[in-house]
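Presented below is the structure to which this report refers.
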Amino acid sequence: MTDSKVQGGDVSAGGVASAASAVSAPLDKKSMLAVMHAHMGVAVGGPLCEYAPAFSNDNKQLFCCAGNIVKVYSTITSEQVGIFRGHAAPVTGVLLHPGNPSLVLTCSLDGTVRCWNPAEFLCVETFKVGAAVLHMTSAKRCQNMVYLNVNPRHGEPDGDNSCLIGSLSLESTSARKSHDAKPQPDSDGKQPQQQQRRLWKQLYGARNCTGLAVTSDGEHLASISARTLFVYSLKTRVLLKHHHVRPLHNLAFHPTDSYLATGDAKGQILLWYKFHAADVVTSVLHWHAHAVASLAFTEDGAYLLSGGEEAVLVFWQLDTGHRQYVPRLGGTITAITVSPDGNRYALACFDNAIRLVDAVSSKVVAQIQGLQHARASAVRSSAALSSTPHVPRSLMSELVVEPRHRLLVLPGAPGAIQFYDVYRDRHVSELEIVHRNFVSRVDDEHSIPTRIERVAFNRDGRWMATVERRAGASDETTEVLVLKIWRLDEALQQYQLNTRINAPHKGRVTALKFHPNRDLLVTASADNTFKVWTLTERTLEPVINDALRRARDPNAMDVDQKEARKVSPDTLFAWRCDGVSDECC
């Protein structure tokens, strides 16, 4: 009745439910204790959709920012293969080293840029900037330079949005490596921290900078702040400001031609020609109904890719103006990354998933699903996401663990629950409790989602109960409250809907529990009542319709109903209310 979706290379709808059980087979007691000990005090999950991922130089790995760490995934199997661990604050960017693509650079709010060896997942060098790094970009021709957007007062109670745009030299003059516990002085006696500060060079300042990019030849640097596009010449050191009528959300330089693209709050894409001159010329591309949240050019510059709240990837053929679409991608596309060979596009989506799209077939060929509840934790304060409808989501009143495979069960996408293996730090499957189609909002009106507020399992996991609630637009009289009880299909290894009870209580359900030994379920409500639900068994005798049989087979003979009853009857299990009490307080 309802299929699960499992992490992996195959993202087709059929045949994934049984795989969900296979990828997370229960551990024996000894293995479980070992895994629990290894993960004690280690955070798992983390938002994958806040910042753009990066491909490895051979296109076989994908590096994704996830809180204070960077998770490394295989682009072939979608499995996590490693972690970059060392930053003391959220990682805000990841890209390949411009001078040595076999190395990876990360920047963080802890004020450092780190260089990593992905073969061993080790930090080989740390560059101390001294201020929270919000953005990082690089040019292929500037092999020992990256450009940063930093905020010296980020996180301070009275801090402002004043940002500094500058360059960081990657030519290390420090003997200190990341594995050293303390800074060690050089032969000349100077402290490495003092030397590393010399590697940072401020270029210009801007308020509330929300995007940063550099041309492929390394001659011009651009940033956006509210309605202003800043263009800085790295040769002449001249700063130009170009203004737009609406807030700008992101930008990208064409890889070969001298123009750049920006997306604005109303869904328009502006192409800025002669951006290095005062008399800038612009043209407009328009399809998106809401803010453009992500932009990227293909490697050859023939196409511009854009995404937004519509959950549609748009291909703009720049020479002809024709458009192609990849729809129904599950959520707002917050970032787009093109692989070095140009054959794959990595889309960071607001449902905390990274979807890999094949450039030839324009189909999703792999999906990396993160902890979906993590997306509500700390979405970056970027204007690109400011127009995205923020649905307040709270954890259920208690942590729920599925007893068969010891999976954590959390609210996932609206109307769904997610099964997450915390010991292996991986998404296992998703169960759609409420059928829904992804529909973009109209103007500023947001649809009211259905929330899964309660989940409970019986002792052996054969039965699962869920409570879904959809609040009314104005008052409680129009709200929808549904209790659903699901039975595990052993053959398919997925939960099938067994019983649906509309309006199980007059008020919100505040508790949901199975009896530890009996087939009995108790619900408590804000209406000061609780109800007891029991499992009933009923036999359904088959009824044979002679007229229907003759219509199918004219030579069929009449069947005695007494003989028909000798056919093996079906047994129906259903739940019903067996008691009500108003003594709840």
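On the basis of the beta-carbon distance and an R0 of 35 Å, Val245 and Val365 show a calculated FRET efficiency of 0.35. Shape summary of segment 248-301, radius of gyration then Dmax from alpha carbon positions: 11.1, 31 Å.
I need Lys128, Lys274, Lys235 ordered by Cβ neighbour count within 10 Å, fewest first.
In order of increasing Cβ crowding within 10 Å: Lys235, Lys274, Lys128.
Amide H contacts under 5 Å for Asp578: Val532, Trp533, Thr534, restricted to partners 5 or more places along the chain or on a different chain, H placed in the peptide plane at 1.01 Å from N.
Computed from phi, the 3J(HN,Hα) profile of segment 291-301 under the Karplus parametrisation 6.51, -1.76, 1.60 (θ = phi - 60°) reads 4, 7, 9, 7, 9, 6, 8, 6, 4, 8, x Hz, with x in place of Gly and Pro. Separation of segment 63-93 from segment 484-504 is 36 Å, based on Cα centroids. Ordered by the number of other Cβ atoms lying within 10 Å of each residue's own Cβ, fewest first, Cys577, Cys209, Cys115 fall into the sequence Cys577, Cys115, Cys209. The Cβ shell under 12 Å around Gly342 holds other residues with a net charge of -3, Lys and Arg each +1, Asp and Glu each -1. Just the number: Rg to Rh for segment 464-535, Cα atoms, Kirkwood Rh, two decimals. For segment 464-535, the value is 1.03. Between His154 and Ala132, the built amide H atoms are under 5 Å apart, and every one of these is 5 or more places off in sequence or on another chain.
Dividing the alpha-carbon radius of gyration of segment 44-149 by the rule-of-thumb value 2.2 N^0.38 Å gives 0.97.
Summarising the label geometry, the points placed 7 Å from Cα in the beta-carbon direction at Thr282 and Gln143 lie 3.8 nm from one another. Spatial offset of segment 300-357 relative to segment 109-153 amounts to 26 Å, using the alpha carbon center of each. Computed from label points 7 Å out along Cα-Cβ, the spacing between Asp527 and Arg424 is 4.3 nm. Under 5 Å from the amide H of Gly111 lie the amide H atoms of Val133, each residue being 5 or more positions distant or on a separate chain, with H modelled from the backbone and absent for Pro and chain starts.
For Arg323 and Asn502, what is the calculated FRET efficiency with R₀ set at 51 Å and r taken between the beta-carbons, to the nearest 0.05? Taking R0 as 51 Å, the efficiency between Arg323 and Asn502 is 0.70. Quick one: what are the phi-derived ³J(HN,Hα) couplings along segment 339-355, Karplus 6.51/-1.76/1.60 with θ = phi - 60°, whole Hz, x for glycine and proline? Those phi angles translate into 5, x, 8, x, 8, 9, 10, 9, 10, 8, 10, 6, 7, 6, 10, 10, 10 Hz.
Between Asp489 and Asp358, what is the FRET efficiency for a Förster distance of 22 Å, r being their Cβ-Cβ separation, to the nearest 0.05?
Working: r = 33 Å, r/R0 = 1.50.
After rounding, the FRET efficiency stands at 0.10.
Straightening the chain between Tyr259 and Arg459 buys 65.7 nm, computed as 0.36 nm per residue apart minus the Cα-Cα spacing.
Laboratory data are not the source of any read-out in this text; all were calculated from the coordinates shown. Quick caveat: nothing in here was measured; it's all calculated off a predicted structure. With ideal geometry, Cβ positions are generated from the backbone for all residues, glycine too; neighbour counts draw on all protein chains shown.
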